[in-house]
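Reviewing the structure listed below.
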Amino acid sequence: MEGTTSFKTLEGPSPETLFKEKKSKFYGYAFPIKTEDAVKPIIQRLQKEHPHANHFCFAWKLNPDGSAYRASDDGEPNNTAGMPIYGQLNSFGLTNVLLVVVRIFGGTKLGAGGLIQAYRASAKITLEASNIKTEFVTDKIIITVPYGELQKVMRYIKQDRLKIVSQDMGLNCTLTVSVDRSDTEKIVSKFKGVRSAVIKVK
């Protein structure tokens with residue numbers, strides 16, 4: 001099977017980090033997320049925690065291949081906040097992660113270059129404080145066989161310690177197993193050795 005077989009994400013939310021630059025405070029937070037819908041409630045929660053903050057800048061990446069992403073400057077000059085934060089997600093090779101930097105203005109303007117450096121530094125120390133893990137991408141293999149052939153299929157499932165996601169037993173039995181994508185081809189070819197088996201991969 002083609003495609004990404006594993007990716008790096010976070011084990012859980014990061015601890016809060018603090019980076020200071022010319023009296024401005026930059027609070028950093030990182031969260032594992034599965035969907036874009038998770039972003040808004042997290043930002044709203046941080047807004048309640050920091051009622052005096054001026055900017056809630058963030059970046060997120062989704063999908064094992066990181067194909068969906070967004071960066072927000074939240075009122076900072078264009079590309080001085082969201083993109084430096086996003087750059088750190090790329091630098092650490094992470095996906096399915098939301099990275100937020102909350103700024104409380106300290107009275108001194110930092111300029112575009114200073115902002116880029118400060119947001120990058122805050123994002124970096126936040127990810128350095130996070131627990132990173134590797135997750136494996138899984139495929140679902142659906143095997144349909146006559147009841148008489150079920151024993152052979154079950155033997156392969158046991159041999160390879162495959163996780164059965166669902167099963168429907170009748171004259172024809174349908175089992176769905178979950179496998180690491182890197183093993184999909186090997187497992188499919190085994191099941192194809194069972195007479196009358198119909199194999200689908202999802």
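The values are calculated or read from the model by the stated rules, or taken from the named source; none is laboratory data. What you see is a predicted model; the values in this text were computed from it and never measured. Neighbour counts are summed over all protein chains in view; Cβ atoms, including those assigned to glycine, are modelled from backbone coordinates with ideal geometry. Protein only, heavy atoms only, side chains kept; ligands, DNA and RNA dropped before computing areas. Shrake-Rupley method; radii C 1.70, N 1.55, O 1.52, S 1.80 Å.
The figures follow:
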{"read-out": "The range 143-165, subset closer than 28 Å to S6 by Cβ and assigned to a strand (DSSP E or B), residue least open to solvent (accessible area, probe 1.4 Å)", "value": "I143"}
{"read-out": "Tally, over the range 91-130, of residues that are assigned to a loop (DSSP other than H, G, I, E, B), small (G, A, S) and within 24 Å of G66 (Cα to Cα)", "value": "3"}
{"read-out": "Candidate set: the range 187-202, residues that are assigned to a strand (DSSP E or B) and either in contact with a His (Cβ under 8 Å, 6 or more places away or on another chain) or among the hydrophobic types (A, V, I, L, M, F, W, C) (or both); chosen: the one most open to solvent (accessible area, probe 1.4 Å)", "value": "V198"}
{"read-out": "Residues of the range 166-186 satisfying the condition of being surrounded by 12 or more Cβ atoms within 10 Å (Cβ to Cβ), more than 22 Å from T134 (Cα to Cα) and among the aliphatic types (A, V, I, L, M)", "value": "L175"}
{"read-out": "Single residue of the range 62-106 satisfying the filter (of a type in the set (D, E, K, R) and either over 15 Å from the mean Cα position of the chain (by Cα) or buried (at least 17 other Cβ atoms within 10 Å of the Cβ) (or both)) that is farthest from R45 (Cα to Cα)", "value": "E76"}
{"read-out": "Exclusive hit being charged (D, E, K, R), on the phi < 0 side of the Ramachandran plot, within 13 Å of the chain's Cα centre (by Cα) and surrounded by fewer than 19 Cβ atoms within 10 Å (Cβ to Cβ), set E49, E135, E128", "value": "E135"}
